[in-house]
Each structure stands twice: as structure tokens, then as C-alpha cells.
1. ³J(HN,Hα) across the range B:174-181 via Karplus (A = 6.51, B = -1.76, C = 1.60, θ = phi - 60°), whole Hz, x for Gly/Pro?
2. At a threshold of 8 angstrom on Cα-Cα distance, excluding pairs fewer than six apart, so keeping six or more, what relative contact order does the range A:2-283 reach in percent?
3. In whole Å, how far is the Cα centre of the range A:19-41 from that of the range A:122-173?
4. For residue B:193, which sequence-distant residues (separation of 5 or more, or a different chain) have an amide H within less than 5 Å of its own amide H, given hydrogens modelled in the peptide plane?
5. I'd like to know which of A:108, A:48, A:149 lies farthest towards the positive end of the charge dipole of the range A:2-283, counting +1 on Cβ of Lys and Arg and -1 on Cβ of Asp and Glu.
6. What does the charge dipole of the range B:145-212 about its Cα centre add up to, to the nearest 20 debye, if the Cβ of each Lys and Arg holds +1 and the Cβ of each Asp and Glu holds -1?
7. Sum -39500 (n - 2.57) across every DSSP H segment of at least 4 residues in chain B, then divide by the residue count to get the 222 nm mean residue ellipticity, nearest 500.
8. At what distance in angstrom do the alpha carbon centres of the range A:243-260 and the range B:1-70 lie from each other?
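The values are calculated or read from the model by the stated rules, or taken from the named source; none is laboratory data. Not measured: the values here are computed from a predicted model. Heads up, the Cβs are rebuilt from the backbone with ideal geometry, glycines too, and the neighbour counts pull from every protein chain shown. These accessible areas exclude ligands, DNA and RNA; they are computed on the full protein's heavy atoms, side chains included. Shrake-Rupley method; radii C 1.70, N 1.55, O 1.52, S 1.80 Å.
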Amino acid sequence: MTELVAYLISGIALGSSFALIGSGLVVVHRVTRVVNFAQGSVAIVGGMTSATLLNGLLPHGLGEIAAVVLCGVLGVLVGLLAIGRRGTPPLISLIVTLGASMLVSAAIIWLWGQDPVTPPGLEGSVTVLGAEVERQRLLVVAATGVAFAALTLFFSRSYLGKGLTASASNPFAARMVGIDVRKMGLLAFGLAGILGGLAGVLIAPSNPLSFYSDLPLVLSGFAAAVFGGLTSPLRTLFGGLGLGVAGQLTAGYLNGSYQTEMALLLMLVIMIIRSRALVQEEVK
Amino acid sequence: MLRIDDLVVRYGSAVAVDGISFEVGAGEMVALVGPNGAGKSTLINAISGLVAPHSGTVACEGRIAQVPEGRQMFADMSVEDNLLLGGWSIRNRDLGEVYDLLPDLAGMRKRKAGRLSGGQQQMVAVGRALMARPDLLAIDELSLGLAPLVVAELAEHLRFLNRERGTAVLLVEQEVTLAFDVCPRALVLEAGRIIAAGPSVELAQSETVRKAYFGDLAVAETMTGATAPATTEVSP
């Protein structure tokens, strides 16, 4: 039982980062119809930048915030490459994000090398239902909860958030009322960068990151986003949590090396089950 | 207040608007009528800046807001959010004036726009355009898909807006009887060109207008109650 609780909590923590990355994919896709495959690389940059900044340059808190802000800027730059030119078809933009991901990976190797990097996180552990749980994992869960609450409030209460939702809902009508849909797309890329950066900053102290961590991260995030129909951040949260828990249970009770395969298998199953719903949503 | 000079709009090699010139005065109501494919919607989209002209100029002293063909709601958002977004360009978030002019909207402000009837959506579309505090309201197919009673109510709202606020109206309409009834002056478009212009009462008797709508068939009753042969779906 204690073991199960430990796996569940670490799964929820890992799944939270998938959900953050996935919700970034959703935010961009809703507005631009582009799947931003650079999202995983941006998360890695977040984790690695925080490691550098916390290594004597900035204190905890500031270092993490600076890393997340940098990822927001990086997200906008990826957006400029992907949708900066008016009329770029979403498929071309998707390929551009793949290229941007490779470019960012090359920059990661150049700046941080090929070895995994781990920034300092919250130290110590607490006992939850008899299981020893790292404080850092609880921080990940709490920060993800705050991030999703903020995201929900942003979209439902703020004028800018409503502008983003309107651009996603009906781009023609959005342009008609004076909303610059391209700028909204860039804002979505920036927001996705912030969410990806936050995921990287939160996950890196427990899961060392290197340049090749981007693929499993973006695939898991994409699986969570598909669970959310590429439209709903809330359903993406549940998808991410499910993936994280399934991965940790697989690692705990079966074999740790099957974690990614399990995520991919789940994504495949979800896509098959949800394909009809996705088509219906697209038609709407 | 609106001056169009030798406007040409092309889609590739196809010419949708072919050298059109006209003016709309402040507080004036002008109808733009013509059969399907005449270039009416393209012209109104060019006036609103949604379509880039190939040549010619659009000059307006004041703000233009458009009520688009098919309403174009933000379907999953509330009526209130739809209205608020209408004021995006001037950062207007004061709904009071629109609720005063269109009181029915206040009662449905929390409902999702996509779940409203066609007539209610058209009213939201008009309210959303009014949020931009326009000097000219460009309306594309007010009657499309709506029952006659609903259209009559909306037309009354337009007259009220024009009378009370002095808002100029450019009404693109296939339903020629409605257009001539609402607007004292009209322009008739065919194949991207203006083929007739003048007071609506005179155009209603014009042989040119009848030919534009019905070819060489003599359908005298057209202008005395019947409408152009538009195939529109009627909803409440």
C-alpha cells in the first residue's frame, strides 16, 4: 500500500509536467491549428536555464521565474518562425516547429553539453499515508494546480484571454472585430513557452534532463493534449495525470524502461478511442 | 462620410468588384442589392478592410463596423462576451448603450451565442458591431435564413439606430423589397459593377433592376411584395 501511494504521488507529479507541456500544445493548436513540436525542447531549456541560474547567480524563486520568462520569449521566437509569415499553412508551420526543436536541441548541446543536468530543488521529504514523498514532487503538483487555475482564470475572465478564445473559436469574426489573429497566435506560442518552461523547471530537480529528453516529454505532452481533444486544457490535465500515473506504475511494478512505450501505447489507444469525437469537434 | 473610388477587387484572375465608385453620406441609409455573385459581399468586405483591394480607394471619416453574412458568432462564448469583443478595437467594455438600444440582449447575456436562434444571433451580431461605436454600420445579408417577422423587427431596430444615433447604414441585401423599404437610396450591382443607382422608390419601378434579378422575364409583382429568387433557409 505504501509503495502504491508513493508511485501514485510521483506519477501525479510527473503527469503534472506532461499536463503543463500538453496544455501548451493545446493553447497553440486552438488558436493556430499548429501542433508545436518544439514544446519539449523549450521545457528542457527551462530546466537547464534554472540549473545555471541557481548555481550561484540567482536565489531560488528568482532563478526559476527568470528561466520560465526566458522560455516564454523562446516560445514567441518559435512562433515567429512558425506563423510569422502570413498565410503559412498549419502543416508547414508544424514542420517549422520540428526544425525549431532540432535547432534548440543543438543549442542545448552547445550550451550545456550532452550530460543530464539537475538543478537544486526543494530538499527533504514528507510522509503521506505512510509513504515517503519528496517535497519537490509535492511542489510540482501544487505549482501545476496554481498554473491551471491561473490559465482558467486568464481565459474566462481576462479580456486578452477572451480575445485568444475568440481567435480560436472564429478567426474570421475575430479579424472582423479588430483582433489581430496572428498576434494572438504569437501570444499563444509565448504562453505555451511559459507552460513548457514551468514544466521543465519543476521536473528537472527530480528527473535529470538532457537534450534527448525533449522527445519523451513532447510525446507524453502530446498524448495528454490528444486526450483533451487538442482543445481543452482541463481534459489535458487529466490526460497528463493519467499518463504519469500509468508510467510510474509500469516502472514500479513492471520495468522502468517501458515507461515511454507505455505512454506511446496509451496515446495510440486514446487516439483510436477519441478519433470519432475529435472529428466531430473539428466539424463543429 | 464613405467614399469609394474606382475600387477593383480580384480573386486571382477573377474580378469580383470591377471599378466601383460611390459615396455614403453621414447618417444616410444606403442599400446595395444584386443577384448572387454580383460582388456585394466582396465589396462590403473590402470596405471593412477584410479583403485587400487590387486598386482604387476606400476613404471613411469615422469608424466602420460590419455585421457579417451568416452572423459569425463566437459560438462557445456568452452573448456578453461576444458583445464585449465587438469593442476590441476601441477597448470599449461599456455594454450599457447597446443594452439600451437592443434591450432583448440584456435578457440573454449569459447564454451561449451558438445556442440562440438565427434572429437572436443576428441581433447579437448587430449589438457586437455597435460596441465599436461605428459611424457606419455595414450589414451583409440582414435577412439571410430568418423568418419575415424577425427580419421586420431587425429592420425596425436599424431605423431606430439611424434615427437616434445618426449611424449611417450600408445594407447589402438580396431581399430587394426589404432593402428598398429600409433604405431611401440604393445601388444595384451586377457582375461586379453598379448598373443602377438612385432613390429606392424609383429603382423599384426600374426595368434595369427587374432584369438584373429576373433576366428578361417580366415579373411586375416583384417590386410590389414578392422578393428576389433567393434560396434561403427560414428559421425562427
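1. 8, 6, 5, 4, 4, 4, 5, 6
2. Contact order relative to length: 38 percent.
3. 15 Å
4. Under 5 Å from the amide H of residue B:193: B:18.
5. Projecting each Cα onto the dipole axis, the largest value belongs to A:149.
6. Taking the Cα centre of the range B:145-212 as origin, the dipole is about 200 debye.
7. So the calculated ellipticity at 222 nm is -9000 deg cm²/dmol.
8. 62 Å
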